[in-house]
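First the structure, in the form of structure tokens, and then the observations on it.
The values are calculated or read from the model by the stated rules, or taken from the named source; none is laboratory data. Remember, predicted model here, so these are calculated numbers, not experimental data. Glycine also receives a Cβ, built like all others from the backbone with ideal geometry; neighbour counts cover every protein chain displayed. Just so you know, the surface numbers come from the protein's heavy atoms only, side chains and all, with ligands and any DNA or RNA stripped out. Shrake-Rupley method; radii C 1.70, N 1.55, O 1.52, S 1.80 Å.
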Amino acid sequence: MSQFSAPTILMCPPDFYGIEYEINPWMSRSRASDSKLAQQQWHALRDLLEEVGAEIRLMPPAQGLPDLVFTANAGLVWNNTVYLSQFRHEARQGETPLDEAWFQSVGFETVPMTGAWSFEGAGDALFCGQTLFAGYLIRSDAGAMQWLAGQIGCRVIPLQLLDEHYYHLDTCFCPLSANEAIYYPPAFDDYAQAAISAHVENLIPVSESEAARFACNAVVIGRKVVLNTGCPELERDLQDRGYEPHHTELGEFIKAGGSAKCLTLRLDGEDAAIWPGVNE
């Protein structure tokens, strides 16, 4: 059984967050983040997540690792095991030893990625029901996802990402429940679009303008969905389907290519995930 009795999320304060390098199209060192505003936006997100029922655990920030704030990329949580990330870019590789130490300190077993495959955690690996949907090509390798599925014993559906702006799966796909998800179709190749349509019964597509506001990068707590501001169409669609959207401004983090989901890692398992023998 999971060690958590309530929705529990890992976050990392943005004390050392900033645009110090450029590894995706959103990042530009000429467009610096406002440290004070980033702190305000991060704390507003944390407060909102607590208001909708989540418990927050904190990882200490570390100087020189500005993207440690994006805890979604630390690994893939499966029951009491975390499959650790193996970052593609050297700028982020220093995060993994800190992530590993934190997970072990709270009782998780940690498993490193094998071989030379790149793998960027829950940024690219999301469960919808018992199926692992796996983004690959830009940051994670398809081989890593096949290996993970073999370790866990689950079905995996690799989804090729086409657009460098949507470099992680969680920027363009968000499971809401075991049979429902938000997605931005143009981020995927034709096969991936067909695979999503074939395996997720209910889909909510988002517009180009709202995808660019990171509409798909949302945090789901039961029927409550926390996302960035500027996504009124998606909020209406969610309400029509019985969800309760909540928004908070996260523009300082979009400067680095992240939003609500990127800033969080669900430690007890996403609501959309079905772990055989654990939360069926």
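Which one of Leu161, Leu227 is within 29 Å of Val111 (Cα to Cα) and under 17 Å from the mean Cα position of the chain (by Cα)?
Details: Leu227 fails: within 29 Å of Val111 (Cα to Cα).
It is Leu161.
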Study note, to complete from the structure: Note on Ser28: of the conditions (1) open to solvent by less than 60 Å² (accessible area, probe 1.4 Å); (2) closer than 27 Å to Gly269 by Cα; (3) not β-branched (Val, Ile, Thr), unmet is (2)
Practice item. Can you confirm whether the range 15-24 contains a residue that is closer than 28 Å to Met145 by Cα and under 18 Å from the mean Cα position of the chain (by Cα)? Key: yes
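Residues Leu148, Leu169, Leu161: which one is among the aliphatic types (A, V, I, L, M) and either within 23 Å of Gln3 (Cβ to Cβ) or surrounded by fewer than 24 Cβ atoms within 10 Å (Cβ to Cβ) (or both)? So that I can check it myself, show each step before the final result.
Details: Leu169 fails: either within 23 Å of Gln3 (Cβ to Cβ) or surrounded by fewer than 24 Cβ atoms within 10 Å (Cβ to Cβ) (or both); Leu161 fails: either within 23 Å of Gln3 (Cβ to Cβ) or surrounded by fewer than 24 Cβ atoms within 10 Å (Cβ to Cβ) (or both).
Result: Leu148 is the single residue among Leu148, Leu169, Leu161 that is among the aliphatic types (A, V, I, L, M) and either within 23 Å of Gln3 (Cβ to Cβ) or surrounded by fewer than 24 Cβ atoms within 10 Å (Cβ to Cβ) (or both).
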Study note, to complete from the structure: Note on Glu51: of the conditions (1) closer than 15 Å to Tyr17 by Cβ; (2) open to solvent by 30 Å² or more (accessible area, probe 1.4 Å), unmet is (1)
Check your understanding: Is at least one residue of the range 232-255 touching an Asp or Glu at 6+ places or on another chain (Cβ under 8 Å), open to solvent by less than 10 Å² (accessible area, probe 1.4 Å) and farther than 18 Å from Leu10 by Cβ?
Key -> yes
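Of the residues Gln63, Gln39, Gln86, only one is open to solvent by 20 Å² or more (accessible area, probe 1.4 Å), more than 18 Å from the chain's Cα centre (by Cα) and closer than 27 Å to Phe173 by Cα; which?
On the way: Gln63 fails: closer than 27 Å to Phe173 by Cα; Gln86 fails: more than 18 Å from the chain's Cα centre (by Cα).
Residue meeting the stated conditions: Gln39.
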Check your understanding: Among the residues of the range 96-106, is there at least one that is of a type in the set (Val, Ile, Thr), open to solvent by less than 10 Å² (accessible area, probe 1.4 Å) and at pLDDT 95 or above?
Key -> no
Review point. Looking at Asn217, Asn228, Asn202, which one is within 25 Å of Pro158 (Cα to Cα), touching a Ser or Thr at 6+ places or on another chain (Cβ under 6 Å) and either open to solvent by less than 10 Å² (accessible area, probe 1.4 Å) or without any contact (Cβ under 8 Å) to a residue 60 or more places away in the chain (or both)?
Key: Asn217
Point to revise | Hits in the range 123-160 (condition: touching a Gly at 6+ places or on another chain (Cβ under 7 Å) and hydrophobic (A, V, I, L, M, F, W, C)) | key: Leu159
**Study point:** Residues of the range 228-256 classified as among the aromatic types (Phe, Trp, Tyr) and more than 20 Å from Gly53 (Cβ to Cβ), total
**Key:** 1
